[in-house]
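Participant: Would you mind keeping the following structure in view while I ask a few things?
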């Protein structure tokens with residue numbers, strides 16, 4: 001048999017491979033890819049007949065090849081791999097997939113941008129999603145993370161508006177800086193999102209490779225034990241290659257030359273057996289600590305400082321297999337934070353609670369009610385779920401004649417509880433006792449919502465040139481804002497969150513770029529004046545930083 005070569009090896013596949021006879025979808029022989037049944041005369045033309053099943057099937061299927069695109073996270077790369085436990089964590093959880101050092105669990109990882117469409121460039125500035133499916137012995141566990149440790153919102157009702165503001169304007173169908181900054185600004189939109197906004201416009205917003213990108217749970221989760229005890233955790237997945245990013249100009253240049261740059265980089269690395277690896281850590285907080293901590297631990301606009309809750313390594317992730325077919329393995333993959341196994345549980349984070357509904361609901365719309373039967377989504381462990389029957393595209397046994405109702409004496413069934421044996425500590429029982437009034441709750445914004453953003457600005461200052469690049473990234477984007485009042489608002493509020501000099505330079509640069517690109521042409525004297533002011537602020541900023 002002729003060897004099979006990959007494109008990564010610089011060799012084309014053999015053209016002498018055994019040929020397969022093709023059929024129509026029903027298995028019937030297909031005479032030719034250029035044959036159609038026609039009523040013809042001598043002039044060379046012909047009338048196609050409805051009895052030409054091959055032609056009709058071909059055209060009808062082509063018109064239905066596309067499925068709805070994901071409303072967010074449409075552009076993505078993906079690969080298979082394995083999660084291996086490296087450190088004992090039996091004191092934290094009874095989860096089977098973390099039960100022993102050396103235990104390996106197969107997984108599927110999908111890394112995506114958030115706002116742009118499936119055909120967009122993958123080096124555009126954006127948050128990157130990290131969706132991972134672990135095929136454990138107890139069923140599937142999904143991680144739906146991002147490459148930033150925080151997020152823009154803490155109120156779930158804002159989720160649709162947030163994502164719409166990052167997409168195209170409903171009238172022009174073009175990206176709109178006014179729309180983005182009006183929502184992201186510090187006015188009526190979403191002031192608590194400043195922390196994530198700073199991550200977005202830092203170098204982290206344009207990763208150089210998916211292999212050199214970290215991922216974070218963002219949400220607070222719980223690791224639970226069979227005795228009913230639990231710990232709150234946040235998960236960090238850190239690249240063994242280190243974090244590497246692109247500067248704005250390089251990312252923009254690559255976007256125009258190779259819009260699939262990051263997808264290509266990951267695929268080719270795995271083809272060459274240069275398998276990327278990540279270390280998996282958790283931050284651990286006890287319920288007692290949560291009761292008295294200075295911040296709301298369920299607020300995903302904030303991090304847990306490592307000084308208070310250090311990282312603890314538990315596992316290693318390796319990607320070692322490319323998709324066999326992108327559509328079946330990656331495009332049809334569906335992930336949801338509600339897909340959990342014993343030992344892993346949700347917290348009282350309102351955004352997490354809402355995502356647990358929204359994500360599987362999106363999958364039902366996009367893929368159908370039986371999306372979990374698709375091979376890429378199906379559990380590798382045995383599944384017996386006779387109370388979910390029928391529906392479009394049910395291609396299983398449909399459980400034969402087993403009862404589709406609970407309580408049958410003819411074919412009794414058993415259930416597995418997540419907490420078996422032992423006495424649950426009153427501490428944990430009281431901690432999760434919910435007593436209160438149903439009310440319309442609206443969060444408020446206070447000084448504590450800007451503390452970590454100010455802290456991040458100082459962290460950027462430790463990396464030579466990072467604050468300068470941040471200012472340049474923001475100025476380049478704000479330059480596209482057409483509304484003067486909105487641009488002034490972004491400038492004015494940023495003074496209190498980064499620095500007076502930094503925000504002033506954003507204003508100077510953005511104004512110069514807007515006037516030079518779309519407004520009246522500036523004289524050489526005016527341009528020199530603007531650049532001189534920028535250099536003056538740059539010198540003062542060095543002293544302040």
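The values are calculated or read from the model by the stated rules, or taken from the named source; none is laboratory data. Quick caveat: nothing in here was measured; it's all calculated off a predicted structure. Glycine also receives a Cβ, built like all others from the backbone with ideal geometry; neighbour counts cover every protein chain displayed.
Participant: Name the single residue, out of those in the range 441-468 being more than 30 Å from residue 349 (Cα to Cα) and touching a helix residue (DSSP H, G or I) at 6+ places or on another chain (Cβ under 6 Å), that is surrounded by the most Cβ atoms within 10 Å (Cβ to Cβ).
Facilitator: From the range 441-468, those more than 30 Å from residue 349 (Cα to Cα) are 461-468; that's our starting set.
Next, from what is left, pick out any that are touching a helix residue (DSSP H, G or I) at 6+ places or on another chain (Cβ under 6 Å): 461, 466-467.
Working: 461: 18, 466: 17, 467: 23.
Per the criteria, the residue is 467.
Participant: Test of understanding: among 105, 86, which residue is in contact with a helix residue (DSSP H, G or I) (Cβ under 8 Å, 6 or more places away or on another chain) and modelled with pLDDT of 95 or more? Give the derivation first.
Facilitator: Details: 86 fails: in contact with a helix residue (DSSP H, G or I) (Cβ under 8 Å, 6 or more places away or on another chain).
Just one listed residue meets the conditions, 105.
Participant: How many of the residues in the range 130-154 are more than 24 Å from residue 204 (Cα to Cα) and either in a loop (DSSP other than H, G, I, E, B) or outside the structural domain of residue 245 (by TED's automatic domain parsing) (or both)?
Facilitator: Counting residues in the range 130-154 that are more than 24 Å from residue 204 (Cα to Cα) and either in a loop (DSSP other than H, G, I, E, B) or outside the structural domain of residue 245 (by TED's automatic domain parsing) (or both) gives 2.
Participant: Among the residues that make up the range 425-443, is at least one of them outside any loop (DSSP other than H, G, I, E, B), modelled with pLDDT of 80 or more, within 28 Å of the chain's Cα centre (by Cα) and farther than 30 Å from residue 388 by Cβ? Walk me through how you get there before you give the answer.
Facilitator: If we filter the range 425-443 for residues that are outside any loop (DSSP other than H, G, I, E, B), which is where we start, we get 426-431.
Now drop any that are not modelled with pLDDT of 80 or more, which leaves none.
Looking for residues that are outside any loop (DSSP other than H, G, I, E, B), modelled with pLDDT of 80 or more, within 28 Å of the chain's Cα centre (by Cα) and farther than 30 Å from residue 388 by Cβ, one finds none in the range 425-443, hence no.
Participant: Looking only at the range 28-51, filter to residues that are under 48 Å from the mean Cα position of the chain (by Cα) and in a strand (DSSP E or B); which one of those is modelled with the lowest pLDDT?
Facilitator: So, considering only residues that are under 48 Å from the mean Cα position of the chain (by Cα) and in a strand (DSSP E or B), the one modelled with the lowest pLDDT is 29.
Participant: Looking at the structure I just gave you, is residue 151 touching a helix residue (DSSP H, G or I) at 6+ places or on another chain (Cβ under 7 Å), in contact (Cβ under 8 Å) with a residue 12 or more places away in the chain and buried (at least 18 other Cβ atoms within 10 Å of the Cβ)?
Facilitator: On the way: touching a helix residue (DSSP H, G or I) at 6+ places or on another chain (Cβ under 7 Å): yes; in contact (Cβ under 8 Å) with a residue 12 or more places away in the chain: yes; buried (at least 18 other Cβ atoms within 10 Å of the Cβ): yes.
So residue 151 passes the test.
Participant: Any idea which of (1) closer than 30 Å to residue 151 by Cβ; (2) surrounded by fewer than 14 Cβ atoms within 10 Å (Cβ to Cβ); (3) in contact with a strand residue (DSSP E or B) (Cβ under 6 Å, 6 or more places away or on another chain) is the one residue 380 doesn't satisfy?
Facilitator: (1)
Participant: Among the residues of the range 271-278, are any assigned by TED's automatic domain parsing to the domain that holds residue 100, assigned to a helix (DSSP H, G or I), touching a helix residue (DSSP H, G or I) at 6+ places or on another chain (Cβ under 9 Å) and over 30 Å from residue 443 (Cβ atoms)? Even if it seems obvious, please write down each step before you answer.
Facilitator: So the first thing to find is which residues in the range 271-278 are assigned by TED's automatic domain parsing to the domain that holds residue 100, and the list is 271-278.
With the extra rule that they be assigned to a helix (DSSP H, G or I), the set shrinks to 271.
Okay, now just the ones that are also touching a helix residue (DSSP H, G or I) at 6+ places or on another chain (Cβ under 9 Å), so 271.
Going one step further and asking which of them are over 30 Å from residue 443 (Cβ atoms), we end up with 271.
Yes - at least one qualifying residue is present in the range 271-278.
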